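Working notes for the structure below.
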Amino acid sequence: MAEKVAVLGPAGTFSEQAAERMYPRAELEYLDGVEEVFRRVSGGGELGVVAMENSLEGSVGMTMESLLKFDLKIVKETTLDILLSLMARPGVNPLDVKVVMSHPHALAQCRDYLSKNYPGAKVQGGASTTEAMTEAAKRGDAAAVGLKEAGLRYGLVPLAEGVQDQESQTRFIALSKKPGEGTKTSIIFASKDEPGALYSILRVFADANVNLTKIESRPSRRKLGEYWFYVDYENRGKFYRDRELLHMRIKERSTMFKDLGSY
């Protein structure tokens, strides 16, 4: 039986493309938002795939918040090159475009292009690139930014291809209730409110000769000046006894700790 993977819908999103790369034989389920993907997996779904971060625009806020909120594990990841096209209904003249729609991250990645070529158009964010495509297909004064293949699926044609201001990549993660194994681990922690607190935690990694591949702070949303720290680090193979000892030492120096899984 094919695995079932929840992704951000409708069909034609970058999340769909990432899921097909990680789970080529999976049955995809299209949902309306990132948090809905987390909720589906948490409620009994097999797997979910969401965008984690873009090389230009940084982390996806809803994904970061949901990793803290839901008790799920990261079990796999993949990275896609992001190539964007500006799509519209057949026959639409570029001079007639009054609104350009897409996911906010996609719009941000072609900000300079749109400012230069469509200075009078309203830039309108939405839940996904393909939601923008379906809306643009209904209008003669709108265009959407997204995957060319997705636009063709919805009856659109390209007004321009390669509209991103710079080359970029987006990292996608797969989620499960069951833990995985791998050479990378992700965690979240909050340091104590005292001098040298963060340094003492980072020293744990340094003393263990563990390489950090990412560290990012985000507001805790509990009070001003309090932050969660999201960290990715390289495992030493599958020596989980070492990993557990490392985590124990971090917990001793933290006010909150969460293991997001190895993959």
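The values are calculated or read from the model by the stated rules, or taken from the named source; none is laboratory data. These numbers come from a predicted model, not from an experiment. Every residue, glycine among them, receives a Cβ derived from its backbone with ideal geometry; neighbour counts consider all protein chains shown.
Remark: pairs (first residue in the range 193-217, touching a residue at least 40 places away in the same chain (Cβ under 8 Å); second residue part of a loop (DSSP other than H, G, I, E, B) and surrounded by 11 or more Cβ atoms within 10 Å (Cβ to Cβ); Cβ separation under 6 Å; 6+ apart in sequence or on different chains) = Ser200/Arg253; Ile201/Arg253. Restricting attention to the range 67-89, does a residue exist that is under 20 Å from Gly126 (Cα atoms), surrounded by fewer than 22 Cβ atoms within 10 Å (Cβ to Cβ) and touching a His at 6+ places or on another chain (Cβ under 8 Å)? No, because not a single residue in the range 67-89 is under 20 Å from Gly126 (Cα atoms), surrounded by fewer than 22 Cβ atoms within 10 Å (Cβ to Cβ) and touching a His at 6+ places or on another chain (Cβ under 8 Å).
Please go through the range 102-135 and give me each residue that is within 15 Å of Leu147 (Cβ to Cβ) and of a type outside the set (Gly, Ala, Ser), ordered by number. Listed by number, the residues that qualify are His103, His105, Leu107, Gln109, Cys110, Thr129, Thr130, Glu131, Met133, Thr134. So is Arg236 under 18 Å from the mean Cα position of the chain (by Cα) and either modelled with pLDDT under 95 or assigned to a strand (DSSP E or B) (or both) or not? Considered against the rule, which asks whether it is under 18 Å from the mean Cα position of the chain (by Cα) and either modelled with pLDDT under 95 or assigned to a strand (DSSP E or B) (or both), Arg236 comes out as no.
If you take the residues in the range 115-139 that are in a helix (DSSP H, G or I), more than 20 Å from the chain's Cα centre (by Cα) and free of Cβ contacts under 8 Å to residues at least 40 places away in the same chain, which one is surrounded by the fewest Cβ atoms within 10 Å (Cβ to Cβ)? The residue in question is Lys116. Counting the residues of the range 187-227 that are within 13 Å of Ile250 (Cα to Cα), assigned to a strand (DSSP E or B) and not hydrophobic (A, V, I, L, M, F, W, C) gives 1. Here Pro90 meets each of (1) at pLDDT 95 or above; (2) out of contact with any strand residue (DSSP E or B) (no Cβ under 6 Å at 6 or more places or on another chain); (3) assigned by TED's automatic domain parsing to the domain that holds Ala143; (4) not hydrophobic (A, V, I, L, M, F, W, C) with one exception, condition (2).
With respect to the conditions (1) crowded, with 22+ Cβ neighbours inside 10 Å; (2) among the polar types (S, T, N, Q); (3) in contact with a Phe, Trp or Tyr (Cβ under 9 Å, 6 or more places away or on another chain), Ser42 lacks only one, and its number is (1). Where residues in the range 160-183 are β-branched (Val, Ile, Thr) and assigned to a loop (DSSP other than H, G, I, E, B), which of them is surrounded by the most Cβ atoms within 10 Å (Cβ to Cβ)? Step by step, filter the range 160-183, then rank; the result is Val163. Tell me, please, whether a residue that is over 17 Å from Gly12 (Cβ atoms), among the β-branched types (Val, Ile, Thr), touching a Leu at 6+ places or on another chain (Cβ under 9 Å) and not assigned by TED's automatic domain parsing to the domain that holds Lys73 can be found in the range 138-159. Scanning the range 138-159, I find no residue that is over 17 Å from Gly12 (Cβ atoms), among the β-branched types (Val, Ile, Thr), touching a Leu at 6+ places or on another chain (Cβ under 9 Å) and not assigned by TED's automatic domain parsing to the domain that holds Lys73, so the answer is no.
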